[in-house]
Amino acid sequence: MTTPRTFRSLVAAATTALLAPALAGPALAESPSHVRATSTARASVDALPAVTARAETPVLHDDDAGGNADADDPAIWRNAAAPGRSLVVATAKEGGLRVYDLDARPVQTIAAPPAEHEGEAPGRFNNVDLVHGMRLSSGRADLAVTSDRGHDRLRFYRIDRDRTGGPLVDVTDPAAPAVFSRDQAEIDEQRTAYGLATWTDPSSGRSYAVVSRRERTTLTLLELLPAAGGKVTYRTVRTVDLPSSFRLPDGTSWSPCAEPDELPQVEGMVVDPADGTLYAGQEDVGIWRVRADLRGTPELIDKVREYGVPGTYDEQTEECTPGADPGFGGTRLTADVEGLTLVTEADGDGYLLASSQGDDTFAAYDRERGDDNEYEGGFRVAPGTTLDGSEECDGAAALNAPLGSRYPRGLLVVQDGHDSPADGDRPSTDFKFVDLGKVLDALDD
């Protein structure tokens, strides 16, 4: 998620607590072992290879026309007939959807639906993913699917690159139900559809979406269904809850520090189409691996550095004060873990990429479950000569396929949660387009 500016200090404090444990108290600050740990952590980040962006989208602001536009999550649609005319579809929260060409130029803006009644939340598009070749009543179509957090719905847009008026057209069934909420009162609480990953079962040809619930650990599996008039709807198949409390090696129980009645949520998710494995980033915990049909037992394949660190929530400051680190966390991810995406290869090899939002880096894991998704390295999207890098990255999308002369080795699109230079006091966000070939070279070195 993009952390609101009022909470950015909280994220910074949590990260600094890992890289500069002096925040945990005077005694801890004077410990030479913690000073050494700080130097090691900082050095590991600085040692990661750096890549630079080739292009960036226009900046989005929290008061853009169209409603509080804020960049969040991208998806890359490949035009098979003309790869150089492929598109990036991205969410802008209350600003709806943005569509860009491969030069990062705007092609289309789609507004989020307004609030239906006074006092209710407006549409707020959180995450986006793609479905290819879904059979609708009007014929097969590629779809962009987005989670509308404001209305607790999924919304669907058919993609037609040469359509007059823009390549995306809304094909959401007006009768599509709320994903989690029983009534408008529950929707107004905004514990609604949040993270999103789509997949198609190769054995049945049926398409699905896995959707997470905001401020809860819940994941739900939805089957996507054709409706009359070329529209799309869905039905709930099953729902599971990831843990919110964890038994530590010393026998104690730990839960991430949060506001009262707020559980550690999931946002970044991706499904490997080869074997139907879902990877889900529980922001303050780590990366889970589970079957995309939500059967079986989830496995935690990596943890954030803050895993196991106690914290005390202060209602006055709305911040968490971290305690001493017991040393049970991971070494590659600094909370929040966000922006999961896959770099696929035809032989089954490739990478799972994850945004380590707290230290502005990306971690790469072996895509193959047979290798237990072992860590393969990391990288940074750093400032270049004319463009800045990516900070506090929420969402990412990779496509390892030729995309014309601009990206003959594929494309990585990452959200930049703190564009530079910022425009006054307003949060400025955008998307950076990175040559995927450069990323693969960096990981191979």
**OP:** Output the number of residues of region 163-185 satisfying the condition of being out of contact with any Asp or Glu (no Cβ under 7 Å at 6 or more places or on another chain) and under 17 Å from Val211 (Cα atoms).
**Re:** 4
**OP:** Under 6 Å between Cβ atoms, at least 6 apart or on separate chains: pull out the pairs that start in region 100-126 with a residue that is over 18 Å from Tyr194 (Cα atoms) and end on any residue that is acidic (Asp, Glu).
**Re:** Ala104/Glu56; Val107/Asp101
**OP:** Considering only region 375-404, state which residues are under 19 Å from the mean Cα position of the chain (by Cα) and part of a loop (DSSP other than H, G, I, E, B).
**Re:** Gly389, Ser390, Glu391, Glu392, Cys393, Asp394, Gly395, Asn400
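Run down Glu259, Glu306, Glu267 and say which single residue is under 28 Å from Ile76 (Cβ atoms), among the acidic types (Asp, Glu) and in contact (Cβ under 8 Å) with a residue 40 or more places away in the chain.
On the way: Glu259 fails: under 28 Å from Ile76 (Cβ atoms); Glu306 fails: under 28 Å from Ile76 (Cβ atoms).
It is Glu267.
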**OP:** May I ask you to list the residues in region 205-223 that are crowded, with 23+ Cβ neighbours inside 10 Å, of a type in the set (A, V, I, L, M, F, W, C) and farther than 21 Å from Ala258 by Cβ?
**Re:** Ala209, Val210, Leu222
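Taking the conditions exactly as written (within 15 Å of Pro49 (Cβ to Cβ), in contact (Cβ under 8 Å) with a residue 12 or more places away in the chain and not in a loop (DSSP other than H, G, I, E, B)), does Ala364 satisfy them or not? Show your work before the answer.
On the way: within 15 Å of Pro49 (Cβ to Cβ): yes; in contact (Cβ under 8 Å) with a residue 12 or more places away in the chain: yes; not in a loop (DSSP other than H, G, I, E, B): yes.
Yes, satisfied.
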Original post:
Hey, which of the strands (runs of 3 or more DSSP E) in region 315-359, taking only ones fully inside, have at least 3 residues that are in contact with a helix residue (DSSP H, G or I) (Cβ under 9 Å, 6 or more places away or on another chain), surrounded by 22 or more Cβ atoms within 10 Å (Cβ to Cβ) and touching a residue at least 60 places away in the same chain (Cβ under 8 Å)?
Top reply: 337-344
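Before we move on, is Gly205 in contact (Cβ under 8 Å) with a residue 24 or more places away in the chain, on the phi > 0 side of the Ramachandran plot and not hydrophobic (A, V, I, L, M, F, W, C)?
On the way: in contact (Cβ under 8 Å) with a residue 24 or more places away in the chain: yes; on the phi > 0 side of the Ramachandran plot: yes; not hydrophobic (A, V, I, L, M, F, W, C): yes.
So Gly205 fits the description; yes.
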Subject >> Residue within region 142-162 that is closer than 23 Å to Ala90 by Cβ, out of contact with any Asp or Glu (no Cβ under 7 Å at 6 or more places or on another chain), at pLDDT below 95 and not basic (Lys, Arg) present >> reply: yes
**OP:** For residues that are at pLDDT below 95 and among the acidic types (Asp, Glu), scanning just region 393-445, find the one that is surrounded by the most Cβ atoms within 10 Å (Cβ to Cβ).
**Re:** Asp419
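Can you find, within region 265-312, the residue that is nearest to Val237 (Cα to Cα) among those that are in a loop (DSSP other than H, G, I, E, B), acidic (Asp, Glu) and within 18 Å of the chain's Cα centre (by Cα)? Steps first, please.
Start the filter on region 265-312 by keeping residues that are in a loop (DSSP other than H, G, I, E, B), which leaves 265, 273-276, 283-285, 292-298, 305-310.
Cutting the leftovers down to acidic (Asp, Glu) gives us 275, 283-284, 293, 306.
Checking the rest, the ones that are also within 18 Å of the chain's Cα centre (by Cα) come to 283-284.
Values: Glu283: 25, Asp284: 27 Å.
The qualifying residue nearest to Val237 (Cα to Cα) is Glu283.
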**OP:** Would you check which residues across region 277-299 are hydroxyl-bearing (Ser, Thr, Tyr) and under 23 Å from Pro202 (Cβ atoms) and list them?
**Re:** Thr277, Tyr279
**OP:** May I ask you to verify whether Gly95 is crowded, with 19+ Cβ neighbours inside 10 Å, in a loop (DSSP other than H, G, I, E, B) and touching a Pro at 6+ places or on another chain (Cβ under 9 Å)?
**Re:** no
**OP:** Go through region 55-92 and give me each residue that's at pLDDT below 95, crowded, with 22+ Cβ neighbours inside 10 Å and charged (D, E, K, R).
**Re:** Asp70
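The values are calculated or read from the model by the stated rules, or taken from the named source; none is laboratory data. All figures in this text were calculated on a predicted structure; none of them were measured in a lab. No Cβ is skipped: glycine too gets one built from the backbone with ideal geometry, and neighbour counts run over all protein chains shown.
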